[in-house]
Amino acid sequence: VFNAKTAELLSHHQVEIQQKFPKEGWVEQDPKEILKSVHECVERTCEKLQQLNIDITNIKAIGVSNQRETTVVWDKTTGEPLYNAIVWLDLRTQSTVERLLKRIPGKNKAYFKFRTGLPLSTYFSAVKLRWLLDNVEEIRQAVDEGRAMFGTIDSWLIWSLTGGKNGGVHCTDVTNASRTMLFNIHSLEWDPELCHTGCLCKFFLHAPNRLVIVKCICSCSFFMHVIHGQAFAKKKKKKISFQCLGDQSAALVGQMCFQDGQAKNTYGTGCFLLCNTGQKSVFSEHGLLTTIAYKLGRDKSVCYALEGSVAIAGAVVRWLRDNLGIVKTTEEVEKLAAEVGTSYGCYFVPAFSGLYAPYWEPSARGIICGLTQFTNKNHIAFAALEAVCFQTREV
């Protein structure tokens, strides 16, 4: 929570989310754990505000920033997820992509690029949804009975926070919608050739008409009534402004890249370079994505961005800690690397989830090469950090 006039940070809280890796290449999260973490953050942050004698009813706006392509299907009658959220870098849909590619003229991965801005890839929501329909009986049954709702994490959170099964708002914003492969980035609507009104994309999914895609696509700023548990006076409704942007668009806005040509690069699990191209959608011939940067109000113009997406950045540091066990904390990786100052000819390609931009090759796998008897964990730590630099330079 921060002061809108001075930008002074008043209170904050954070909770780490557990990632699940049930099979090689699979990455999942528990949607209920995500929702619980949001409730906990709201409650603890408001408690800290009250300790500072700040009236929490003064809160005028809430922002939601989320991993964009991560996909959830839930039961609108019970409010329960029907499967774990499939995370953006999950690779289980590689066979789904290959099957869909056979149906596209010339097996052209860029066939939908000028409508969606995206190549056909395991990365985006539509193919994750196809996998869920093919492989989860509970979801198929819920679809047949008209109970299934689909969305990205923002949709799941907003629906849950605004009442859930008791009238929750099923919506998303243009930045998240632009990552589904079902959204026309020019008309700013679900593409009529990819979707039927109120039901899912037929080309990708062959889904029955009873699976509800996100009903409302909003700009990144809109108003609604929101319920926020005990934090807002025993679940009384309070009218509040809601802002919603996918994480990378939020970072672009947060870095104040509002002018054509301004760019930001952020380093989290992955690494994402976004360049603001203004009101013009620019299409790359070199493996970059065209995506929606933001639309800051219903009557405001949409702004686009070129994006270089790198799947593994900070995740390689976590891998050194959790999988190889050469450090106990992530901070130690930098210390190890600094002790040698070079990789000594060791190179690390962390293609744990294939390679994203500029290659879009899901079958690629990680490799560490250039090893000699002299190579030790310090050199591998250096090579891991250097890999983030090499990938950044490529995009």
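The values are calculated or read from the model by the stated rules, or taken from the named source; none is laboratory data. Computed from a predicted structure; not experimentally measured. Glycine also receives a Cβ, built like all others from the backbone with ideal geometry; neighbour counts cover every protein chain displayed. For the accessible areas, the whole protein counts, side chains as well, though only heavy atoms, and no ligand, DNA or RNA atoms are used. Shrake-Rupley method; radii C 1.70, N 1.55, O 1.52, S 1.80 Å.
The fraction of accessible area contributed by carbon and sulfur in the stretch 311-367 is 52 percent, rounded to a whole number (1.4 Å probe; ligands and nucleic acids excluded).
Probing with 1.4 Å while keeping every protein chain in the model, the per residue accessible area of the stretch 314-394 equals 56 Å².
Only aspartates and glutamates eight or more places from residue 20 in sequence, or on another chain, were considered; those with a Cα closer than 15 Å are 28, 30, 33, 90, 322. Only protein heavy atoms count here; on that basis, with a 1.4 Å probe, residue 30 has an accessible area of about 50 Å².
State to the nearest 20 debye the size of the charge dipole of the stretch 314-394 about its Cα centre, where the only charges are +1 on K and R beta carbons and -1 on D and E beta carbons.
140
Across the chain, C-alpha contacts under 8 Å between residues 6 or more apart give a mean separation that, scaled by the residue count, equals a relative contact order of 13 percent. Protection proxy ranking for 298-305, 359-366, 269-276, using the average of other Cβ atoms within 10 Å per residue and placing the highest first: 269-276, 298-305, 359-366.
Taking 29 Å as the cut-off for C-alpha to C-alpha distance, list the pairs among 5/295; 264/335; 32/280; 48/239; 36/300; 113/295 that go past it.
Distance filter (> 29 Å) returns 32/280; 36/300.
As an exercise, find the ratio Rg/Rh for the stretch 314-394 from alpha-carbon atoms, using the Kirkwood inverse-distance average for Rh. Using only Cα positions, Rg/Rh for the stretch 314-394 is 0.96. Using the Stokes-Einstein relation with a Kirkwood hydrodynamic radius computed over Cα pairs, the translational diffusion coefficient of the chain at 20 °C and a viscosity of 1.002 mPa s comes to 97 µm²/s. Please go through the stretch 112-189 and write out the GluC sites (Glu not before Pro) that DSSP classes as loop and that have at most 15 other C-beta atoms within 10 Å. Passing sites in the stretch 112-189 are 145. Each Lys or Arg adds one and each Asp or Glu takes one away; over the other residues whose Cβ falls under 13 Å from the Cβ of residue 65, this sums to -2. Calculated on the alpha-carbon coordinates, the convex hull of the stretch 89-171 measures out at 121 cubic angstrom per residue. Summarise the accessible area of the stretch 11-91 (1.4 Å probe, protein heavy atoms) by the percent that is carbon and sulfur. Ligands and nucleic acids excluded, carbon and sulfur give 50 percent.
The calculated FRET efficiency for residue 103 paired with residue 326, based on their beta-carbon distance and R0 = 45 Å, is about 0.50.
Could you work out the relative contact order of the stretch 145-195, using alpha carbon pairs under 8 angstrom and six or more residues apart, expressed as a whole percent? Computed value for the stretch 145-195: 22 percent relative contact order.
Using Cα pairs under 8 angstrom and six or more residues apart, how large is the relative contact order of the stretch 262-320, in percent?
The value is 40 percent.
So for the stretch 1-141, what are the equivalent ellipsoid semi-axes in whole Å, largest first, each being the square root of 5 times an eigenvalue of the Cα gyration tensor?
38, 19, 13
Only helices enter this figure: runs of n ≥ 4 DSSP H residues, each worth -39500 (n - 2.57), summed and divided by the residues of the chain, yield -8000 deg cm²/dmol at 222 nm to the nearest 500.
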